[in-house]
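Only one structure is covered here, and it is reproduced in the block below.
Readers should treat all values here as calculations from the given coordinates under stated rules, not as data from a laboratory. No experiment lies behind these values; they were computed from the predicted model shown. Positions of Cβ are generated from backbone atoms using ideal geometry, with glycine treated the same way; all protein chains shown enter the neighbour counts.
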Amino acid sequence: MRLEGHVALVTGGNRNIGRAIVLELAGRGCAVIVNASRSRAEADAVAEEARRHGVKASVLLGDVGRAEDVKTLAQRALAEFGKVDVLVNNAAIRPEAPFLELSEADWHRVLDVDLNAAFYTAKAFLPGMVAQGWGRIINLTGMNAMQGGVARAHVSTAKHGVWGLTKALAREFGPKGVTVNAISPGPIETERISDAQTDHIRGMVARVPLGRLGTPQEVASLCGWLASPDGAFVSGQMIGVNGAAST
């Protein structure tokens with residue numbers, strides 16, 4: 001189903017799953033805002049790809065783990081587009097640290113980006129969704145929201161929090177016409193920042209009954225469906241895109 005007349009903001013939209021989601025929504029006719037924290041060149045390239053679908057696309061840089069950045073980002077988005085009624089909280093960081101070596105600074109930084117950002121953005125854009133009686137919020141979680149992760153206590157805690165926020169907002173804002181869902185990607189073939197990360201994710205194939213890694217587009221396709229009228233009766237759910245990977 002098409003999404004003409006709607007405007008989407010995708011956090012962390014400059015690469016991998018975020019990029020795929022931007023292009024999926026643009027392909028459905030949705031105007032798109034590509035958010036990245038610093039990578040202007042990457043974000044500009046994604047926005048240019050989106051414009052090939054005949055939609056308006058802009059780049060707004062900002063660290064969504066910082067409340068003030070989100071306020072500024074929201075002001076600029078609403079000034080340019082008039083509304084944001086499809087919000088995709090994709091930005092996340094997933095550093096490893098054994099729990100007894102985990103610093104308070106690292107703990108708070110992960111919670112800011114992986115959990116608090118979803119709070120900040122929802123607060124910024126829900127009023128507009130409520131006013132028009134229609135909105136979609138889609139939060140990206142991951143397998144750390146379904147299980148504990150060794151050396152990932154901070155990430156697991158944040159992603160569990162996102163799942164709780166998703167359920168709470170779905171109940172509170174469903175009567176206002178807003179659906180809120182979470183997507184939990186399993187092992188996905190993406191560009192990694194290190195060979196060790198690449199080896200780790202590819203080593204998970206043995207845990208996937210379908211016998212392969214997923215693709216960013218397979219996550220993006222679900223996101224597009226949830227944002228569309230076809231997904232209008234789905235809310236308060238966390239849907240795994242994981243090839244039945246063991247948890």
Honestly the range 7-241 on the Cα gyration tensor test (a ≥ b ≥ c root eigenvalues; a/c under 1.5 rounded, otherwise a/b vs b/c for prolate or oblate) is just rounded
Counting sequence-distant residues (5 or more places) and residues on other chains, those with an amide H built under 5 Å from that of VAL7 are ASP85, VAL86
When the charge dipole of the chain is computed with +1 on Lys and Arg Cβ and -1 on Asp and Glu Cβ about the Cα centre, the Cα farthest towards its positive end, among SER221, PRO95, SER39, belongs to SER221
With a Förster distance of 22 angstrom and the Cβ-Cβ distance between ARG207 and ALA151, calculated FRET efficiency to the nearest 0.05 equals 0.80
Treating only Lys and Arg (+1) and Asp and Glu (-1) as charged, each at its beta carbon, one finds that the chain has a dipole about its Cα centre, in Debye to the nearest 20, of 520 debye
So the FRET efficiency between TRP107 and ALA168, C-beta based with R0 = 30 Å and rounded to 0.05, is 0.85
For VAL59, the residues 5 or more places away or on another chain with a placed amide H closer than 5 Å to its own amide H are VAL34
Reduced to Cα centres, the span from the range 1-27 to the range 160-191 in Å works out to 16 Å
For the LYS176, VAL234 Cβ pair and Förster radius 22 Å, calculated FRET efficiency rounded to 0.05 is 0.85
In whole percents, the bins of 10 Å from zero upward hold the Cα-Cα pairs of the range 1-146 as 12, 43, 33, 10, 3, 0
Yeah, the range 10-96 with a ≥ b ≥ c from its alpha-carbon gyration tensor (a/c under 1.5 is rounded, else prolate when a/b outruns b/c, oblate otherwise) is oblate
Dividing the helical contributions, -39500 (n - 2.57) per DSSP H run of n ≥ 4, by the residues of the chain yields a 222 nm value, nearest 500 deg cm²/dmol, of -13500 deg cm²/dmol
For the chain, whose charge dipole is built from +1 on Lys and Arg Cβ atoms and -1 on Asp and Glu Cβ atoms, the candidate among ILE201, LEU3, ALA20 with its Cα farthest towards the positive end is LEU3
In nanometres, the difference between 0.36 nm per residue of separation and the alpha-carbon distance of ARG51 and VAL130 is 25.6 nm
